[in-house]
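Visitor: One structure coming up, written as structure tokens, with questions to follow.
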Amino acid sequence: MIPEEHKLASTLVRTAFKTMCIDYHEVLRVDSFEPWTKDRQTIHESNQVHRFLECLRSLSKDSICWMELPVPFKGGKLKPELAHIDGFIVAPAIKSIFFIEAKRLSRPSQLDNLKKDMDRIFDISHEIYVGDDRFKGINLFEYDSYAIALADIWSDKSEWTRNVAEDWKHTSGKLESIYSYVLDTDIHQILPNYFLTFTIQPIFCAEEYKKEVELESHKPGRASDPSILVWSDDAGFEALLASVNIGKQLKN
């Protein structure tokens, strides 16, 4: 069961995914068009992001969508370096922000890398919240935010890919971390042996943030110190993480 506060975002993402699957099927069923080489059945991951963004825009026309979003990211370093997020969506109608990473899954290491990407989104999002107003005009604290993983699978590549496709719900659970959980996921067969998948995880809840701010008697806004550890103390963010994970318990 999906927690009430996440239903609108989950429904939008699931509907966009279904639309994307229909789009893929319509394109790839044409016998004269096969966008892969004979010995390497690969569709570039950027196609997943591009088509998903287009499908979501068709459903939520006021949404802001961008590919390869540049974000200053320290990642444990003293000075920030430029990181890029595969896809980025602001959906004002439902007050939600989505960060997207995509992968082709043909071996276990790629699933591991997708999990690292999801963890990185969590880290990057927190640096954005205490950052330098990069998203001018958008008060991030008024939006719920989510991480979306897109992936495709050729199930005839190996026994591993076949198992992943057959038991995607279990496999997608490996993308979970101590920070978040799988809110919703699905897999759809496009062609014989070719599948598309999506997974969405919550990473920030605006309503819970407001409660924490009121509880701690702090004013909403960016932290005065660009340190996530300081911000955790100032805004009660550890409690926020706990509240997000309550959704996991409710879901189960």
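Visitor: With 10 angstrom as the radius, rank L78, L59, L69, L175 by how many other C-beta atoms surround their C-beta, starting from the fewest.
Guide: L78, L59, L69, L175
Visitor: I want to check the label-to-label distance for H25 and S46. Put each point 7 Å from Cα in the C-beta direction and report it in nm to one decimal.
Guide: 2.8
Visitor: Given the Cα-Cα distance of N139 and T37 and 0.36 nm per residue of separation, how much length would full extension add, in nm?
Guide: Gain in length upon complete extension: 32.2 nm.
Visitor: Quick one: Karplus J couplings for region 69-81, per residue in order, coefficients 6.51, -1.76, 1.60, θ = phi - 60°, nearest Hz, x for Gly and Pro?
Guide: Working through the residues one at a time gives 5, x, 9, x, 9, 6, x, x, 8, 5, 10, x, 10 Hz.
Visitor: I need the calculated FRET efficiency for the pair L191 and K211, taking r as the beta carbon distance and R₀ as 45 Å, to the nearest 0.05.
Guide: In this case the efficiency is close to 0.45.
Visitor: Among residues other than L8 whose Cβ falls under 13 Å from its Cβ, what is the net charge (Lys/Arg +1, Asp/Glu -1)?
Guide: With Lys, Arg at +1 and Asp, Glu at -1, the neighbours total -2.
Visitor: Additional query: Would you mind ranking S96, S10, S177 by Cβ crowding within 10 Å, fewest neighbours first?
Guide: Arranged by neighbour count, lowest to highest, S96, S10, S177 become S177, S10, S96.
Visitor: Give me the net charge for the shell around K115: Cβ to Cβ below 9 angstrom, other residues only, Lys and Arg +1, Asp and Glu -1.
Guide: On the way: positive: K116, K174; negative: D112, D117, D119, E176.
Around K115, the charge tally is -2.
Visitor: Give me the one-decimal nm value for the distance between modelled label points at L82 and K174, 7 Å along each residue's Cα-to-Cβ direction.
Guide: 3.4
Visitor: Report the chymotrypsin sites (Phe, Trp or Tyr not before Pro) located in region 27-87 that are in a DSSP loop and have at most 14 other Cβ atoms inside 10 Å of their Cβ, or state none.
Guide: Within region 27-87, the qualifying chymotrypsin sites (Phe, Trp or Tyr not before Pro) (loop, at most 14 other Cβ atoms within 10 Å) are F33, W36.
Visitor: For a test of the definition: using alpha carbon positions, the gyration tensor, and the 1.5 limit on a/c, classify region 4-206 as rounded, prolate or oblate.
Guide: prolate
Visitor: Here is a follow-up. Going through region 25-111, which trypsin sites (Lys or Arg not before Pro) have at most 10 other Cβ atoms within 10 Å and a DSSP loop state?
Guide: Answer by residue number: R29, K38, K61, K77.
Visitor: Pull out the extension gain between D167 and I2, defined as 0.36 nm times the separation in residues minus the alpha carbon to alpha carbon distance; nm, one decimal.
Guide: 57.4 nm
Visitor: Right, something else. Among I97, H188, W160, whose Cα lies farthest out toward the positive end of the dipole of region 4-206, if unit charges sit on the beta carbon of Lys, Arg (+1) and Asp, Glu (-1)?
Guide: Going by the charge dipole, the pick is W160.
Visitor: Let me ask something else. Once fully extended, how much extra length lies between D156 and E68, figured as 0.36 nm per residue of separation less the alpha-carbon to alpha-carbon distance?
Guide: Details: separation 88, 0.36 × 88 = 31.68 nm, distance 3.03 nm.
The D156-E68 span can extend by a further 28.6 nm.
Visitor: Next question, about the same structure. A 26 angstrom limit on the alpha carbon distance is what I want to check against. Which of K79/K115; K18/K157; K77/K210; K116/K210; K61/K174 exceed it?
Guide: K77/K210; K116/K210; K61/K174
Values quoted throughout were computed directly from the atomic coordinates according to the rules given, and no laboratory measurement underlies them. All of these numbers come straight from a predicted model, not from anything done at the bench. Glycine gets a Cβ as well: all are built from the backbone with ideal geometry, and neighbour counts include every protein chain shown.
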